[in-house]
Each structure stands twice: as C-alpha cells, then as structure tokens.
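All remarks here apply to the structure that follows.
The values are calculated or read from the model by the stated rules, or taken from the named source; none is laboratory data. A quick note: this is a predicted structure, and the numbers were derived from the prediction, not measured. All Cβ positions, even for glycine, are placed from backbone atoms using ideal geometry, and neighbour counts span all protein chains on display. These accessible areas exclude ligands, DNA and RNA; they are computed on the full protein's heavy atoms, side chains included. Shrake-Rupley method; radii C 1.70, N 1.55, O 1.52, S 1.80 Å.
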Amino acid sequence: MDRPEIGDVFGEMIRDAYAVRTGIGPRPLAGGRVPRPVIEIIERDDGLINGAPADHYLTEPDEWQPHDHRALRMCRGHVLDVGVGAGRTAIELQRRGMAVTGLDTSAGAIEVARKRGLRDTVLTTVDGYARAPARYDTFLLLGNNLGLLEGPERAPVFLAALAAVANPGARIIAHGTDPYGTTDPVHTAYHRRNRERGRLGGQLRLRLRYRLLATEWFDYLVCSPGELAALLDGTRWRLESIDDVDRPYYLAVLKLTD
Ligand SMILES: C[S@@+](CC[C@H](N)C(=O)[O-])C[C@H]1O[C@@H](n2cnc3c(N)ncnc32)[C@H](O)[C@@H]1O
C-alpha cells in the first residue's frame with residue numbers, strides 16, 4: 001500500500017486514550033498484554049514528525065495549564081466549544097451549571113465526550129452549523145484551536161460562520177501559540193520557506209497519523225497576535241485583548257462588532 005487509509009484519526013486515537021485512562025473499552029496492548037501509551041503523531045510537509053501523548057485531551061482541571069482556567073473564567077452565557085475533542089473544557093463548564101454545546105468533526109471525539117458526560121454535542125463543521133437556529137455568547141477554541149483559522153483565505157470564512165450563530169456582543173476566546181520566539185533552525189527554515197511561497201510563516205501544512213489511519217493534509221495556523229489582528233480586518237470581529245502570561249502561548253479574546 002503506498003498511501004495510508006484516510007479516516008477519523010483523532011477519534012480512533014481518543015477512543016484508545018480513553019480506554020487506557022479509564023480501563024473502559026479495548027486498550028492498545030503490546031504483545032497482547034502490556035498497555036501501550038497512545039501517541040498523537042503529527043507530520044508536517046517538510047518531513048518533520050512530532051509525537052505527543054494523547055492523554056492530555058482527557059485531563060481533569062487540576063492537571064490543566066493556567067491559561068485554560070483563565071479562559072473558562074471568561075466564558076459568559078451560552079457557550080459553543082469549537083473542536084471540543086474529548087470534552088475536557090465543555091464538561092467542566094457544564095459541571096459549573098453553564099449552557100454549553102460541544103462541536104467537533106470527529107465522530108470518535110464526540111462519542112468519547114458523550115461517554116464522559118457531555119450532554120449537548122454536534123457532529124458537524126463550523127460551516128455546516130452556520131445555519132443552526134442556536135445562538136451563542138462565547139465561542140471557546142482551546143487546545144491551540146486558533147489553528148482552525150487555517151490561514152488568510154479560510155479565516156474570514158470561519159469567522160463569518162461563527163458570527164452567523166452569535167448573539168450581539170459575543171466573544172471568541174481562543175488559545176494560540178506565537179511561533180516566532182524559536183531559534184530552532186528546523187522551524188526558522190520552515191517559516192522562511194512558507195513566506196517564500198506567499199504563506200504566513202506559521203501556516204503549517206499537517207496531517208495526523210494513528211495506527212493505520214491518516215487525515216488528508218490540512219492547513220493549521222500558528223500565528224503571532226499581530227498576524228491575528230491583521231486577519232481580522234474586514235471581518236465582524238475585533239481583537240479585544242491578548243493574555244500572553246504563559247508565552248509563547250496566548251489567549252486571544254475577539255469581540256463581535258455591531
Ligand atoms: C487539538 S484538539 C483540541 C481539543 C479540545 N479543544 C481540548 O482542548 O482538549 C482539536 C479538536 O478539533 C477538532 N477539529 C479539527 N478540525 C475541526 C474543524 N474544522 N471543525 C471543528 N472541529 C475540528 C478535532 O477533531 C479535535 O477534536
């Protein structure tokens with residue numbers, strides 16, 4: 001086979017990670033006996049391969065980064081958790097009595113989020129949800145989900161889809177990473193190569209792998225706060241604040257204009 005099968009990589013991975021953490025469902029085993037850690041494999045189009053334990057998608061609040069807690073404290077009204085994953089943050093908001101919907105494109109992620117107790121979920125794209133009758137006051141994009149803006153072409157379309165289901169005064173609270181603090185030549189060369197091709201430096205071209213499955217290649221945006229502000233030009237969102245206490249990570253708050 002010269003191409004891996006395309007499938008719900010995140011879903012397969014998160015089902016296994018959930019089984020390892022809870023003992024519920026078949027666990028990946030080495031030699032049929034020894035539990036195997038579940039690793040998220042990310043390939044970049046320059047050939048770089050990164051692996052990270054998938055268990056952090058299932059962590060409880062006492063295991064989170066401080067910026068996750070600050071993000072949840074800013075949530076108001078009806079919340080749409082965009083790219084909810086295994087429900088980490090949405091379940092905590094629900095526990096606090098807030099009205100929260102979890103949206104994801106991965107059937108496996110939604111299945112695990114529901115098993116963990118998240119009641120209100122939608123399996124769709126942001127674009128597919130833009131005609132829904134529901135209205136939201138807060139859009140939560142955590143776990144680096146600012147990356148879902150993809151790049152200068154996709155960002156206005158994605159932001160318009162959120163605006164279509166927004167109440168007046170709604171906010172987007174998004175976790176991003178400023179990519180430009182690094183001196184690692186692998187990354188600085190990649191940023192340069194991207195710019196030479198007319199892309200933003202941190203406009204990554206990635207695919208995920210898990211066991212036999214792969215995703216299609218997709219763009220994922222890792223941008224500076226300045227680049228984010230420029231992407232908002234011509235959209236209905238303005239940059240309200242940046243919290244970069246945990247640099248290079250930051251929380252961007254975007255507010256819907258009238
Ligand atoms: C990096 S994980 C973050 C999960 C969760 N927000 C957290 O912090 O634990 C990204 C999630 O976004 C979902 N996703 C990827 N592309 C998406 C899209 N275009 N629309 C909605 N969700 C998407 C993935 O299936 C995955 O569950």
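Some points to look at:
- Flag for V112 being surrounded by 16 or more Cβ atoms within 10 Å (Cβ to Cβ), in contact (Cβ under 8 Å) with a residue 40 or more places away in the chain and within 9 Å of the ligand (Cβ to nearest atom): no
- Region 51-87, residues that are under 19 Å from Y136 (Cα atoms), open to solvent by 20 Å² or more (accessible area, probe 1.4 Å) and either near the ligand (Cβ under 8 Å from one of its atoms) or of a type in the set (K, R) (or both): R73, R76, G83
- Any hit, region 23-35, residues being modelled with pLDDT of 95 or more and either among the polar types (S, T, N, Q) or in contact with a Pro (Cβ under 7 Å, 6 or more places away or on another chain) (or both): no
- Scanning region 88-97 for residues that are away from the ligand (no atom under 14 Å from the Cβ), assigned to a helix (DSSP H, G or I) and either among the basic types (K, R) or open to solvent by 50 Å² or more (accessible area, probe 1.4 Å) (or both) yields a single hit, R95.
- Scanning region 137-147 turns up no residue that is more than 9 Å from the ligand (Cβ to nearest atom) and free of Cβ contacts under 8 Å to residues at least 60 places away in the same chain.
- Residues in region 216-258 that are among the β-branched types (V, I, T) and out of contact with any Gly (no Cβ under 8 Å at 6 or more places or on another chain): T235, I242, V245, V253, T257.
- Lone unmet requirement of (1) under 13 Å from S224 (Cα atoms); (2) away from the ligand (no atom under 16 Å from the Cβ) for H175: (2)
- Counted residues, region 180-237 - those being assigned to a loop (DSSP other than H, G, I, E, B), open to solvent by 40 Å² or more (accessible area, probe 1.4 Å) and of a type in the set (V, I, T): 2
- Residue check, R131 of a type in the set (K, R), within 23 Å of L231 (Cα to Cα) and touching a helix residue (DSSP H, G or I) at 6+ places or on another chain (Cβ under 9 Å): no
- Taking region 17-27 as the range and being crowded, with 17+ Cβ neighbours inside 10 Å and touching a residue at least 60 places away in the same chain (Cβ under 8 Å) as the test, the residues that pass are A17, Y18.
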